[in-house]
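Notes follow once the structure below has been shown.
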Amino acid sequence: MDIKAFLAENVGEKRRETFPLSDRFLQDEKPAQFCVRGISEGENEAIRQSAYYQKKDGTTGIQRDLYYKRLVAASTVEPDLKSDALWKSWGVYSAEALIDRMFTAGEYATLLSKVLWVNGFSKSDEALKNELKKEFAGETAN
């Protein structure tokens, strides 16, 4: 196999998708466009590490909801979920709190689904959950 296909200058851009999330968010009387992008594994690792917590038995675990919200915040280009203006408007102090307040449950599920897709997680939700459980169980054992 020719290694040229894997050289940085020959590799395509990470996935990016623009879509209307909901008719609740309007711009010029049309549904506003959301834009999400794929992130690097280095960024993903930092997000994953930030979602760990210490269990009473001394082992570590991961807060999956927190991990997913931070993944959504890092992958969402438009709107910028880390924007001070958005935080102030919604009366929150973090992207995770903004996600909780700004989106309905269905909107969040749709956004998370798009974020997982652009990041290469193309498996079903159940398969992805099982894969993450195995991955995190292996990393969290002491």
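Every read-out reported here was derived from the displayed coordinates using simple, explicitly stated rules and does not represent laboratory data. Everything quoted here is computed from the prediction, not taken from an experiment. Cβ placement follows ideal geometry from the backbone for every residue including glycine, while neighbour counts extend to all protein chains displayed.
Structural remarks
- Distance (nanometres) between label positions extended 7 Å along Cα→Cβ at Asp65 and Val77: 3.0 nm
- Stretchable slack from Glu17 to Lys88, in nm (0.36 nm times residue separation minus alpha-carbon distance): 22.9 nm
- Dipole size of the chain about its Cα centre, with +1 on Lys/Arg Cβ and -1 on Asp/Glu Cβ: approximately 320 debye, rounded to the nearest 20.
- In the stretch 15-140, the inverse of the mean reciprocal separation of distinct Cα atoms equals 15.5 Å; this is its Kirkwood hydrodynamic radius.
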